[in-house]
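Written below as structure tokens is the structure these notes are about.
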Amino acid sequence: MQQGKTVVIKLGTSSILSDVSLEPKIRIMASIVETVSQLRLRGHRVVLVCSGAIGVGRVRMGIKERPQELSVRQALAALGQLRLMTLWENLFGMLGIHIAQVLLTRADLADSPRYVNARATLETLLSDKFNAVPIVNENDTVSVFEMRFGDNDSLSAITAGIIDADYLFLCTDVDGLYTDNPRANPDAFKLDVIQNMDEARRLTCVKTMGSSFGTGGMQTKLVAAELATAAGIATVILNGEHPENMAHIVEQDIATQALKTPHMQLRDPPCTLFLPHQQRMPAHKWRILHAMHPSGALIIDQGAYERLSRKESGGRLLPVGVIGVEGNFDRLQAVRLKIYKQSPTGEPPETVEVGRALTNYTSIECERIKGLQSAQVVEVIGAVDTMYITDQAVLSLQAAAPT
């Protein structure tokens, strides 16, 4: 038997709640439980990322429309989360499988100790001693808008990155990623294997709305796939109506097959596979670039950008390379790195994001020392632990040099 893999399965609200009857899809949920059981019996570890708390709360309260008030959504999440976990507990309990609830916010991942604790908790739950299935959801009852994941597709990708997963499954209501909406365009066709995200975006039109319950669409799944594949995780979009297909994909290890067979077609089971980057980004860099919520921005000059583009830079940025500071942030918080990009029409240059970093100084201190030579920094702010504004800068994979 092949070595056990770590699998993350993301279920949207529309995957477990019917748009017509507004009731839980018990057959689908039971099939998911059976699939998870099969994977575990074959030596694989499984984590569920499950939306639906607010949707279940809406059903409980008889609310048809998606509420706009934050307090109402948080109250519905509090009502629905308990009922949702009770349903999963009953279904998994029939097969003797323990489940555990894990609620996360972006603030948990922005803080280093809490990030480490979240990883340790998930790893412990998956260990032989606990042998549980963690069920992850965003903590909607306390999340504020600025620190939300926004959709559980991104949360599932970040969860997969935290535990170094091998596969991320994004369940939806179609068989994969199509070039256009297959229900509206008969000429739309499914993409089988995606080798890079630029290719996916060039070939597809994903401006589709989610269901009346969910918050995501195909666009959010592309974002999740980009996050996960950067962490070296094979990502699969498939139809959530047939959860058993996930077990077939893991057992066949189609990601390994596809890496060996260019232009491979995926017909049985139908799905879209996003190939992982063969060189997995180091965990600390991936976390800075994708998992942490930026609190502000540093605008850097062309020379600083070019230096950071070189491997030997080590992600270190001196104050002399910073020409602007945006927002308010403390030491060791994540910030965006931006550059000025000239407009081809002659309009004033705009800033574009090219990466992320953890700062060694507050925004007030950065404002005072920007553009200064190292010898001047001590004169301005006194004794310092480091001359670098950041020694943990990471450029985005999609970053383009300024023109």
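The values are calculated or read from the model by the stated rules, or taken from the named source; none is laboratory data. For clarity, every value in this text was computed on a predicted model and none was experimentally measured. Here the Cβ positions follow ideal geometry from the backbone for every residue, glycine too, while neighbour counts run over all protein chains shown. All accessible areas refer to the heavy atoms of the entire protein, side chains included, with ligands and DNA or RNA removed. Shrake-Rupley method; radii C 1.70, N 1.55, O 1.52, S 1.80 Å.
Tabulated values for the structure
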| read-out | value |
| --- | --- |
| Accessible area, probe 1.4 Å, largest first, for residues CYS366, CYS205 | CYS205, CYS366 |
| Listed peptides 152-162, 240-250 by packing density, highest first (mean Cβ within 10 Å) | 152-162, 240-250 |
| Mean Kyte hydropathy of 0.5 or more with a Cα span along the axis of at least 24 Å, helices from DSSP in the chain | 70-93 |
| Efficiency of FRET from Cβ geometry, ILE381 and GLU23, R₀ 60 Å, rounded to 0.05 | 0.45 |
| Average accessible area per residue (Å²) across the chain - probe 1.4 Å, nucleic acids and ligands excluded | 47 |
| Prolate/oblate/rounded label for the stretch 251-312 (Cα gyration tensor, a/c 1.5) | prolate |
| For the chain, the fraction of alpha-carbon pairs in successive 10 Å shells from zero, as % | 5, 21, 29, 25, 14, 6, 1 |
| Whole-number D in µm²/s for the stretch 62-168 (Stokes-Einstein; Kirkwood sum over Cα pairs; 20 °C, 1.002 mPa s) | 141 |
| Cα-projected label distance for GLU199 with LEU87, points at 7 Å along beta-carbon direction, nm | 3.8 |
| For the stretch 13-119, fraction of C-alpha pairs farther apart than 18 Å, in % | 57 |
| Cα gyration tensor shape of the stretch 244-403, rounded if a/c is under 1.5, else prolate or oblate by comparing a/b with b/c | prolate |
| Gyration tensor (alpha-carbon) shape descriptor, the stretch 243-287, a/c threshold 1.5 | prolate |
| Apportionment of accessible area to carbon and sulfur, the stretch 284-403, percent (1.4 Å) | 49 |
| GLN278 paired with SER313, simple spin-label distance in nm, labels 7 Å along Cα-to-beta-carbon | 2.6 |
| Spin-label pair THR351/ALA78, simplified geometry with 7 Å Cα→Cβ offset, distance in nm | 3.8 |
